[in-house]
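For reference, the structure discussed in these notes is given below.
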Amino acid sequence: MELSLVVDAARFGDQRGHSTVRAGSAPRPRVGTLTTMPSVFTKIIDGELPGRFVWRDNHCAAFLSIAPLRAGHTLVVPREEVDHWIELDPAVMGHLTKVAQTIGKALEAAFSPAKVGLMIAGLEVPHVHLHVVPIDGVHDLDFGNADHDPDPADLDAAAEAVRVALRKLGAADVAD
């Protein structure tokens, strides 16, 4: 169940209107919607669900999509639960973009695509996430072409290729 609301910042959160009420572990601010449980991405970041991580820092994590458009399709997700990217703090958005750019360079090195695409859609999970995808054409960004049953060994190999490329680039926040 999801309920959209405007939060009274003076009563329930900080000056940006963040609610800090969450059942379970440490409070996690949410912006834009009130949900009854953490998002699937929060559960992945918190280790409650498995993920093939390639990056972790204090502000975000990046892991492979479980329904990749292409090998190496990576999601960059803020730790803070925010439903819509236009509600993100500009500094957080800047950080996500910087991380996506670094991962894009690693995808380019690991998979040799024509380009690396960057997309924010946000319809499938109510938690901001940037899709970073190695592409050879615009058709490679069509979610109708997603592989909904990828071979786990292929996902593991792609994640390791991204981590190796990130290390070669000198990235400090590569996930193990």
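The values are calculated or read from the model by the stated rules, or taken from the named source; none is laboratory data. Just so you know, these numbers come straight off a predicted model, no measurement behind them. Note: ideal-geometry Cβ built from the backbone for every residue, glycine included; neighbour counts use all protein chains shown.
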Residues in region 54-72: is at least one crowded, with 19+ Cβ neighbours inside 10 Å and at positive phi?
yes
Which of the following residues is buried (at least 20 other Cβ atoms within 10 Å of the Cβ), within 25 Å of Asn58 (Cβ to Cβ) and at pLDDT 95 or above: Leu118, Leu169, Leu130?
Leu130
Find the residue count for region 148-160, including only residues that are within 18 Å of the chain's Cα centre (by Cα), surrounded by 13 or more Cβ atoms within 10 Å (Cβ to Cβ) and in contact (Cβ under 8 Å) with a residue 40 or more places away in the chain.
3
Unique residue being in contact with a Pro (Cβ under 6 Å, 6 or more places away or on another chain) and either of a type in the set (Ser, Thr, Tyr) or in a loop (DSSP other than H, G, I, E, B) (or both) when the list is Gly72, Gly51
Gly72
May I ask you to say which residue of Glu87, Glu81 is among the acidic types (Asp, Glu), touching a helix residue (DSSP H, G or I) at 6+ places or on another chain (Cβ under 7 Å) and modelled with pLDDT of 95 or more?
Glu81
Among the residues of region 75-112, what is the count of those that are assigned to a helix (DSSP H, G or I) and of a type in the set (D, E, K, R)?
4
